[in-house]
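The values are calculated or read from the model by the stated rules, or taken from the named source; none is laboratory data. Predicted, not measured: the structure shown is a model, and the values here were computed from it. Here the Cβ is made from the backbone with ideal geometry for all residues, glycine too, and neighbour counts use every protein chain on show.
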Amino acid sequence: MTSSRDDFSRRTKSDLALRASYQCSLCKASTVGPSDEASNAVTMIGVAAHIAAAASGPGARRYDHSMTPEQRGSIDNGIWLCASCSVLIDRDEVRYSTQNLHELKLSHEASRRLQGQGEVGRDDIIAIGPSLIALGAVLRFGPDGCRFRISHFLEGNIRELWALSVDFSKWPDEDRYVLSNELGYGGLLSQPPAIERTESGHEVTVQIQVATDRRNALATKTMCRETGRMLGGMEAMESLFGNVLGMAHGTWFADLQSGSFISDYHERYAGSDWLSRLIMMDIIRLSFVPRNSRAANKKVVPLDWVNRVNSVSTPTFELTEQYLSIHVDAELEGVGNWSGVLPVFICTPEQLQEGRDRAQKNAISISPTVDHGIVEALPVDKKTADRLKLPGR
Ligand SMILES: [Zn+2]
C-alpha cells in the first residue's frame, strides 16, 4: 500500500521521544506514565509531530513543496509533543512557524542533555565547511591530525559529509575548513576528511593546516568611531574585535562574503544556550579561516591576532541600544591570555534584509562585468541565506 503522507518510521518516533526524554518540547509535560489497566501497562500521550506537514492539502501546516518525501519523514522534520500541544501547533502557523519549532526542539533537547556523566555532558560543536554543523567530541588531537566523533548533525547530514570527502577538490577553497569549540581552534583542511563508521556514530579524521601570519594584537590600529581619534594597542584591538563581530555577513557591497553571522544567530537562538556556542564557532571561523578578500585583493583572516578561543558567554540576551555584550576569553598573539567584554552590534532582521539587499544591488551596479567574483558569489550568498532561513528569500 502506498501513502501520500511522509510519515515517520517507528525508529524515528522512538528516537524523537528519547531525545526529548518523553517530555513535550512545548509545555514540558511528561508524555508517558503507568496505566491502571495492568501492572505492566503504560499510557502514552506523546506524538512525533511533523514540523513541515507530512502531506499537502487542506489544513496542512508549514508544508514545504521543496522538501523530498525522505526529508519530510526524517528525524530533522520531527518534534516530540504531548497530544494537546500537537493540536495547538497545527492551529497557529504564524506563532508556530517552521523556524520557531526547530528552535523549540533544539532548546528542549539541549535542556534534556545528561549532565555529569563524563563525555555525554556537553558535546562539542564541530563545523566542517559552512553547511555542516555537528555535535560530537574530540577524540585525539596531534601532529597526525584531529579525530572527532560525530554524534548528531545540527545542519546538514552524514551524506553531505561523505560527499565532501569524495568531492573535496570541487569544494571552494574557502569552504574546506573545520572548526571545533572544544579545541577553540580551526583552520583549512589540507586533505579530504577521512570518515569511518563506528558503533557510536561516525568518526572523522582531519588534517588542519597551521595558521600562518599571525598579527601581534598590540600592533592593531583603528580609529575611534565616536571621536575620530586614532587608537592603538589593546584599545584598538578591542575596538576592532567588536567591529569585526558586529559587521553582519553579506552587508558590505565590496565584499559580500565578509562579516559575521552573530545577528542571524541572535535572532534565532537568543534565550537558549546555543547562542554563545554558535557565536564561539563564528569567532573561531573569523580567527582561523582565510578568505579571499575581493576588496583587499588577497587572503585575509579578520581576527588574525587570536591564537585560541577559550570561552565565549553572553550573560544576558538583552540588547543595550542594539548592542549585545559578549564575554570572550582567548589567547592573543603577543599578549597571551586575555579576557574582555565586547559590545557587538546586532542588526534587526529588517536591517539585515535591507543591508543585504542594498549590498547586493551596489555590488552589481558598481561592477557589472569586471568583477565576476562578486556575481559568482551571489548563489553562495543565497545558499547561506536559505540555510539560515532568512525572511523573504
Ligand atoms: Zn504539551
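Tallying residues that are among the aliphatic types (A, V, I, L, M), outside any loop (DSSP other than H, G, I, E, B) and either assigned by TED's automatic domain parsing to the domain that holds residue 101 or farther than 17 Å from residue 310 by Cα (or both) within the stretch 256-279 yields 1.
Can you name the residue in the stretch 72-100 that is within 27 Å of residue 266 (Cβ to Cβ) and away from the ligand (no atom under 16 Å from the Cβ) and is also surrounded by the most Cβ atoms within 10 Å (Cβ to Cβ) among such residues?
This residue is 77.
Flag: residue 15 does not match the condition of being modelled with pLDDT of 90 or more, surrounded by fewer than 17 Cβ atoms within 10 Å (Cβ to Cβ) and not hydroxyl-bearing (Ser, Thr, Tyr). The residue that is nearest to residue 143 (Cα to Cα), among those in the stretch 179-233 that are polar (S, T, N, Q) and touching a helix residue (DSSP H, G or I) at 6+ places or on another chain (Cβ under 7 Å), is 181. Every condition in (1) within 16 Å of the ligand (Cβ to nearest atom); (2) outside the structural domain of residue 93 (by TED's automatic domain parsing); (3) of a type in the set (Lys, Arg) is met by residue 5 except one, and the failing one is (1). Scanning the stretch 264-305 for residues that are touching a Pro at 6+ places or on another chain (Cβ under 7 Å), within 20 Å of residue 181 (Cβ to Cβ) and touching a residue at least 60 places away in the same chain (Cβ under 8 Å) gives a single hit, 301.
Within the stretch 140-172, being of a type outside the set (A, V, I, L, M, F, W, C), surrounded by 13 or more Cβ atoms within 10 Å (Cβ to Cβ) and either part of a helix (DSSP H, G or I) or assigned by TED's automatic domain parsing to the domain that holds residue 283 (or both) holds for 160, 165. Of the residues making up the stretch 212-246, those that are in contact with a Phe, Trp or Tyr (Cβ under 6 Å, 6 or more places away or on another chain) and outside any loop (DSSP other than H, G, I, E, B) are 217, 246. Here is the figure for the stretch 20-53: residues that are surrounded by 11 or more Cβ atoms within 10 Å (Cβ to Cβ) and away from the ligand (no atom under 16 Å from the Cβ) total 4. Pairs are defined by a Cβ separation below 8 Å, a sequence spacing of at least 6 or placement on different chains, a first member in the stretch 154-182 that is closer than 22 Å to residue 290 by Cα, and a second member that is charged (D, E, K, R) and part of a loop (DSSP other than H, G, I, E, B); the pairs so defined are 168/176.
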